[in-house]
Amino acid sequence: MNRARILHFNAALGPLDYRVPDGMTVEPGSVVVAPLGPRQIVGIVWEEDRLPTDPVPEHKLRPLIEVLPVPPLRAELRRLIEWTADYYCARVAAVARMVLSSGGALRGPSTMIEYRLSGVEPERMTPQRAVALDALQGEQASIRELAELASVSEGVLRGLVNSGALEPVEVDIDRPYPRARADFMQPELNADQRTVADRLEAAVKDAKFAPFLLDGVTGSGKTETYFEPLAAALRMGRQVLVLLPEIALTEAFLRRFEDRFGAAPVLWHSGLKATERRRAWRAIASGSAQVVVGARSALFLPYCKLGLIVVDEAHEVSFKQADGVRYNARDVAVMRGHFEQIPVVLASATPALESLQMAESGIYEKLDLPGRFGGATLPAIAIVNLTEEKPERGRWLAPRLVEEMKTRLERGEQSLLFLNRRGYAPLTLCRNCGFRFQCPNCSAWLVEHRLSRRLSCHHCGHETQPPDNCPDCGEPDCLVACGPGVERIADEVAEIMPEARIAVVTSDTLNSPDKIAAFVNQAETGAIDVIVGTQLVTKGFHFPELTLVGVVDADLGLEGGDLRAAERTYQQIAQVSGRAGRGAKPGEVLIQTRHPEAPVIAALAAGDRDAFYEAETEARRHAGAPPFGRWAAIIVSSEDEAEAKEAARAIGGTRPSLPDVAILGPAPAPLSLLRGRYRYRLLVNARRSAQVQDIIRDWLGRLDFPQGVRVNVDIDPYSFV
Ligand code: ADP
Ligand code: ZN
């Protein structure tokens with residue numbers, strides 16, 4: 001091959017052809033450095049027929065500069081990249097960039113300097129130095145990390161280096177990970193778990209594409225069960241990918257994994273340091289990383305011998321990326337399994353309707369774990385009708401829920417209150433003039449956070465300090481909080497039960513692995529009586545003393561324009577209910593609602609999951625909604641309101657008229673201003689027979705938009721704001 005077509009990440013340019021200089025060999029998938037004008041760019045050699053572009057005459061080709069010392073991306077991954085781009089109407093380059101997200105990994109081996117205590121006493125001792133010497137026993141890391149660990153400045157540590165108390169150590173950045181051992185500690189599975197595990201083990205050994213839906217009630221031991229096929233893959237020397245919806249869940253997962261396999265898995269998430277990313281990326285590409293646990297982006301890593309993919313809590317909405325390439329990791333995971341010819345397990349206690357439908361139609365094989373492990377029973381669920389059992393004035397918890405919480409406190413058991421709203425109050429207004437605090441960049445109220453004394457926008461991150469006077473009328477001390485967030489509920493609990501130890505659990509308070517670990521530890525050792533949390537506490541956690549769950553406002557999720565609102569409400573409440581009574585003591589759930597008659601609430605109260613799914617399935621079938629029809633959203637935005645409106649109108653005005661496609665809009669988006677951009681939406685609702693991506697590409701491809709206009713396509717959208 002003396003010429004090569006290169007896919008690179010500059011979205012403005014198409015693929016480019018280069019000459020392969022004498023002595024260099026490349027193949028499709030090779031990661032190369034090429035000249036572009038005066039610059040050098042990284043790209044991937046691609047099959048020419050799969051990446052058409054205008055041919056460049058031979059004599060105009062510039063030579064490639066070098067081939068980077070990493071294994072070429074395998075054909076299986078290249079096909080996945082193409083499929084993802086095609087399906088989600090994204091650029092191939094944008095998807096490929098996710099694969100090479102760790103730029104530092106592409107260069108050859110290298111080392112770095114870390115420091116550790118040498119045992120030498122510094123000549124001069126200061127209080128700061130003493131603190132550091134004490135805190136750094138047994139630690140080894142970079143100066144910056146050590147400074148963080150010891151809570152001293154980097155200057156203090158540099159002083160210790162100069163005095164010889166800290167010594168440098170050269171470490172191989174790419175040092176191998178500890179080996180997981182398939183048979184380290186094998187648990188005794190119950191009969192249902194054994195049946196499922198055997199089926200999955202057989203599928204791993206079969207090494208063919210096989211999608212499974214593992215449908216097991218909360219507490220049935222899905223993790224223990226899928227650890228068995230995972231062990232089978234390890235014995236075969238194959239890699240395993242476990243996708244989790246949230247980093248907050250990895251902590252508990254890591255511990256269980258270590259107990260079972262004797263070593264930690266390889267982690268992948270956005271919070272990794274550059275050196276950790278690099279180490280993981282290279283180990284994944286070389287095959288030395290055995291098991292990778294990560295957020296959705298772990299899906300696009302260059303595994304060299306994948307044997308199994310598990311998507312845990314597969315129903316979770318966070319698997320859908322909300323910007324950039326708007327892919328759903330659950331669905332792309334299944335496609336990766338298809339290209340790699342391996343089994344994929346989607347595990348959930350509340351599967352998405354789409355997944356259940358795939359099982360129903362025989363495309364996914366369904367495996368069931370119908371009972372909780374170890375004889376624990378599912379909790380009893382009761383409704384608190386807030387129109388009859390009213391909380392006291394200015395309060396949010398009904399008397400019955402309060403009584404139950406007091407009983408738990410007396411018995412030394414734990415309660416969990418669930419409200420999916422961060423902060424203290426969702427709206428702050430002036431009692432005098434009615435002024436409402438709004439985000440300057442978004443059409444959204446500012447949410448008061450009392451713990452951090454801020455008003456903040458949950459859409460763009462804008463923050464300000466609550467003023468003493470109303471910014472509009474100038475009246476002092478006139479601001480009132482409207483509605484509850486978790487912090488306000490926590491305050492209410494503190495007033496009702498002053499002796500209770502309360503933990504507020506949200507992405508604001510649990511924002512690092514250390515804090516998550518500390519929370520889990522406190523909850524497990526009984527140092528917390530009441531947990532007040534957002535959706536972060538609805539899944540994954542296993543606290544045996546937790547026997548009461550209170551859903552503060554079950555109606556919250558049913559408001560607004562979310563077309564999956566009923567399903568999402570069902571899933572959230574079923575999941576959070578699943579935290580109760582997981583140990584020896586039975587659990588109880590109280591759901592506060594103003595609409596006990598709503599089908600989703602009634603189904604939850606009756607514990608009748610099938611009834612809910614049947615009703616929701618019928619409603620979706622009737623509406624031609626997924627999984628019976630397809631949705632795609634088109635979001636038009638610009639910093640200029642008129643320009644956005646005009647572009648949306650142009651799109652609407654050229655809509656194709658097809659028998660199997662209905663197009664709604666354009667209409668101002670519910671969030672009509674977001675991060676300073678005015679937004680309009682269209683919703684495409686197509687029959688399954690329609691080639692919806694082709695239709696949209698063709699439709700939008702014929703239009704030209706001013707520079708400032710962005711037109712984003714969201715296939716299978718989960719967000720409707
Ligand atoms: P799920 O994910 O299905 O809600 P978990 O995997 O969290 O359930 O399991 C619930 C609890 O039961 C966990 O503490 C888990 O360690 C325990 N468990 C499940 N299966 C077994 C088993 N076969 N042997 C020992 N403990 C088990
Ligand atoms: Zn904002």
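The values are calculated or read from the model by the stated rules, or taken from the named source; none is laboratory data. Please read these numbers as outputs of a predicted model, since none were measured by experiment. Note that we place each Cβ from the backbone using ideal geometry, even for glycine, and neighbour counts take in every protein chain shown. Just so you know, the surface numbers come from the protein's heavy atoms only, side chains and all, with ligands and any DNA or RNA stripped out. Shrake-Rupley method; radii C 1.70, N 1.55, O 1.52, S 1.80 Å.
Here are the numbers for the structure shown:
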{"read-out": "Residue within the range 391-412 that is in contact with a helix residue (DSSP H, G or I) (Cβ under 9 Å, 6 or more places away or on another chain), of a type in the set (Phe, Trp, Tyr), more than 23 Å from Ala606 (Cα to Cα) and outside the structural domain of Ala494 (by TED's automatic domain parsing) present", "value": "no"}
{"read-out": "Top-ranked residue in the range 347-379 [being among the β-branched types (Val, Ile, Thr) and open to solvent by 70 Å² or more (accessible area, probe 1.4 Å); ranked as nearest to ligand 1 (Cβ to nearest atom)]", "value": "Thr377"}
{"read-out": "Verdict on Tyr115 being closer than 22 Å to Ala295 by Cα and buried (at least 20 other Cβ atoms within 10 Å of the Cβ)", "value": "no"}
{"read-out": "Of residues in the range 468-488 being farther than 12 Å from Gly434 by Cα and charged (D, E, K, R), the one farthest from ligand 2 (Cβ to nearest atom)", "value": "Asp477"}
{"read-out": "Conditions (1) open to solvent by less than 50 Å² (accessible area, probe 1.4 Å); (2) over 19 Å from Ala34 (Cα atoms); (3) in a loop (DSSP other than H, G, I, E, B): number failed by Val120", "value": "(1)"}
{"read-out": "In the range 223-263, the residues that are over 24 Å from Lys366 (Cβ atoms), open to solvent by 40 Å² or more (accessible area, probe 1.4 Å) and not basic (Lys, Arg)", "value": "Met236, Ile247, Glu251, Glu258, Asp259"}
{"read-out": "Meets criteria (within 26 Å of the chain's Cα centre (by Cα) and either within 14 Å of ligand 1 (Cβ to nearest atom) or surrounded by 17 or more Cβ atoms within 10 Å (Cβ to Cβ) (or both)) for Asp174", "value": "no"}
{"read-out": "Residue among Val310, Val317 that alone is more than 25 Å from Val589 (Cα to Cα), more than 16 Å from ligand 2 (Cβ to nearest atom), in contact (Cβ under 8 Å) with a residue 12 or more places away in the chain and not polar (S, T, N, Q)", "value": "Val310"}
{"read-out": "Number of the exception - Ile516 against (1) β-branched (Val, Ile, Thr); (2) within 26 Å of the chain's Cα centre (by Cα); (3) assigned to a helix (DSSP H, G or I); (4) under 20 Å from Tyr424 (Cβ atoms)", "value": "(4)"}
{"read-out": "Cβ-Cβ under 9 Å pairs, at least 6 apart or on other chains, the range 494-509 side outside the structural domain of Arg395 (by TED's automatic domain parsing) and modelled with pLDDT of 95 or more, far side in a strand (DSSP E or B) and among the polar types (S, T, N, Q)", "value": "none"}
{"read-out": "Number of the condition not met by Ala210 [criteria: (1) modelled with pLDDT of 95 or more; (2) surrounded by fewer than 22 Cβ atoms within 10 Å (Cβ to Cβ); (3) in contact with a Lys or Arg (Cβ under 6 Å, 6 or more places away or on another chain)]", "value": "(3)"}
{"read-out": "Residues located in the range 585-612, provided they are buried (at least 20 other Cβ atoms within 10 Å of the Cβ) and part of a helix (DSSP H, G or I)", "value": "Val600, Ile601, Ala603, Leu604, Phe612"}
{"read-out": "Residue that is open to solvent by 10 Å² or more (accessible area, probe 1.4 Å) and touching a Phe, Trp or Tyr at 6+ places or on another chain (Cβ under 9 Å), where the choices are Ala295, Ala289, Ala280", "value": "Ala295"}
{"read-out": "Residue satisfying all of: in the range 143-185; assigned to a loop (DSSP other than H, G, I, E, B) and free of Cβ contacts under 8 Å to residues at least 40 places away in the same chain; farthest from ligand 2 (Cβ to nearest atom) among these", "value": "Val152"}
{"read-out": "Flag if Val325 is in contact with a strand residue (DSSP E or B) (Cβ under 7 Å, 6 or more places away or on another chain), touching a residue at least 12 places away in the same chain (Cβ under 8 Å) and open to solvent by less than 30 Å² (accessible area, probe 1.4 Å)", "value": "no"}
{"read-out": "Any hit, the range 622-639, residues being outside the structural domain of Ala566 (by TED's automatic domain parsing) and open to solvent by 70 Å² or more (accessible area, probe 1.4 Å)", "value": "yes"}
{"read-out": "The range 468-482: number of residues that are outside any loop (DSSP other than H, G, I, E, B) and of a type outside the set (S, T, N, Q)", "value": "5"}
